[in-house]
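Okay, structure first, notes after.
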Ligand SMILES: Cc1cc2nc3c(=O)[nH]c(=O)nc-3n(C[C@H](O)[C@H](O)[C@H](O)COP(=O)(O)O)c2cc1C
Ligand code: SF4
Ligand code: FES
């Protein structure tokens, strides 16, 4: 049989099979040639243009032979706060090529990547089966010369071992087993109370979720019970549950950690949610940048499947993405899971009514689903007793960037940002004063010192034009170049835009050009006006929040430069 056909045959008929087949071709051959495109088109009943469209959408796919060595270097915010740019410049000098280029002999490529989920240990890089953390410019020679010490994907979990004193002041409901248990020991998980409530009536589970006040942890903070009640009320025979494990936000790594350290918690959360809403098929959409999480989840699902008393009511499949930040947005994710380009769908219809394959679908973030077992065991009211106001429960904040101690800090909502940094972070790594803190991922606001006493609740953050997002907190010291951060926000949007709507597709590129002009020639009244107009259009007219929220980091990061210009004290480049 044709070798390409042999590679892709196992994926024919599977959900998202075309993408999984292309991933398998990449793994086997290193690139997707014309024959592979023809074969995928034929097997998945697609046109060649459709397959080429898929290949060009995802950054993991390539249409020419790969270099002998591919080094991926994180250039996202948390690594930048710890010196990633100096590392990148040193790597470029050492290798004699620029980032995202290949050397003339075709043997080495330096590829930029936005976040490997190793933010607390950055700057980070990845080559083959090895992950590198805590890099600095002095490591460039060793990294290019292949003598740098890294962690194999099997061992990288050692990085996550936390000092005991770190844990004393936390309220770990979701992360309570992290570091204390063998992640893959299903028997121990069940003996500790796991999977004991899987037979509860649907109505009881729905009631506890309602009482808990749980809000989605993926970013928007939407009340979970509204989605659960909607899906449960749909009459359809086929309903899906989708776990969003795309965790693309830079400075966030809680999903990765919980999947690697306590995978059965996620499976139990999914089993309870599926039972509550009447779904019988579940999918975990995992980003491809998390190879260790993939290993562990695959094994956990296989052991769980081997226990029919636990798994008979729900099938769970692991789907690996192919490198596209936008596929974290739920409608883009559903398109991708159906094997297509991850173009955003207009809402309505909401996924809860018409989601995967047009059927009612409950889409939740990993942390939301991992909160469910505790809520069902201890009761929604107990969960709601943590936190403040409508920000109930705990949040695993993820602290990274220019701090001495980064990591997971699971505490009830409500602690002021400054207290969290002082109590847990131990000050900046550089020893300099904190200059800015970005809260809520790459689309989150850059907060300046006057906002550091804001309590970490959805409401308080919203009141100052910021958000909690997925709980990422990235600290920068007073050397931060905020104009460059604003430029990088536009650049990120331009790179990751799905291209469906004009304000984002063109706006981000024009915005980056405008910021480059400001970096070169300084702030001017015309430029401020143009930037304001552009941000207004993006906010109001973008189809989804990638374009709609990019003005948040841009406007907040530019505040000091604009204030300095308006008061006549302009400082170049800050
Ligand atoms: C540009 C963009 C990227 C997103 N990325 C993620 C992501 O990586 N993980 C996630 O859970 N939600 C992400 N979301 C939010 C999802 O669209 C959706 O709200 C979420 O998966 C719902 O789950 P929740 O209710 O548990 O938060 C993203 C949203 C946008 C607009
Ligand atoms: S805002 Fe950007 S990512 Fe969202 S639909 Fe428009 S082009 Fe696509
Ligand atoms: S690993 Fe670099 S920002 Fe997350």
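Points to keep in mind about this one:
- Out of 429, 443, sole residue that is assigned to a loop (DSSP other than H, G, I, E, B) and farther than 16 Å from residue 549 by Cα: 429
- Restricting attention to region 54-89, the residues that are more than 8 Å from ligand 3 (Cβ to nearest atom) and outside any loop (DSSP other than H, G, I, E, B) add up to 14.
- Residue in region 361-369 that is more than 10 Å from ligand 1 (Cβ to nearest atom) and in contact with a helix residue (DSSP H, G or I) (Cβ under 6 Å, 6 or more places away or on another chain) present: no
- Counted as qualifying within region 98-196 are the strands (runs of 3 or more DSSP E) with 2 or more residues that are free of Cβ contacts under 8 Å to residues at least 40 places away in the same chain and either closer than 24 Å to residue 253 by Cα or within 16 Å of ligand 1 (Cβ to nearest atom) (or both), namely 130-132.
- Hits in region 490-504 (condition: within 10 Å of ligand 1 (Cβ to nearest atom) and closer than 17 Å to residue 76 by Cβ): 493, 496, 497
- Check on residue 279, away from ligand 3 (no atom under 16 Å from the Cβ), in a loop (DSSP other than H, G, I, E, B) and in contact with a strand residue (DSSP E or B) (Cβ under 9 Å, 6 or more places away or on another chain): yes
- Extreme residue, farthest from the chain's Cα centre (by Cα), among residues of region 461-494 that are in contact (Cβ under 8 Å) with a residue 60 or more places away in the chain and within 16 Å of ligand 2 (Cβ to nearest atom): 490
- Listed conditions (1) buried (at least 24 other Cβ atoms within 10 Å of the Cβ); (2) within 16 Å of ligand 2 (Cβ to nearest atom) are all met by residue 209, apart from (2).
- In region 532-563, of all residues being more than 28 Å from the chain's Cα centre (by Cα) and touching a residue at least 12 places away in the same chain (Cβ under 8 Å), the one that is farthest from residue 482 (Cα to Cα) corresponds to 562.
- Residue within region 320-341 that is part of a loop (DSSP other than H, G, I, E, B), assigned by TED's automatic domain parsing to the domain that holds residue 206 and at positive phi present: yes
Yes/no per residue for (1) more than 21 Å from residue 80 (Cβ to Cβ); (2) away from ligand 2 (no atom under 16 Å from the Cβ); (3) over 22 Å from the mean Cα position of the chain (by Cα):
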position	(1), (2), (3)
125	no, yes, no
129	yes, yes, no
138	no, yes, yes
164	yes, yes, yes
172	yes, yes, no
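- Screening residue 543 on (1) part of a helix (DSSP H, G or I); (2) within 13 Å of ligand 2 (Cβ to nearest atom); (3) buried (at least 19 other Cβ atoms within 10 Å of the Cβ) shows it passes everything except condition (1).
The values are calculated or read from the model by the stated rules, or taken from the named source; none is laboratory data. All of these numbers come straight from a predicted model, not from anything done at the bench. Please note: Cβ atoms are built from the backbone with ideal geometry, for glycine as well, and neighbour counts cover all protein chains shown.
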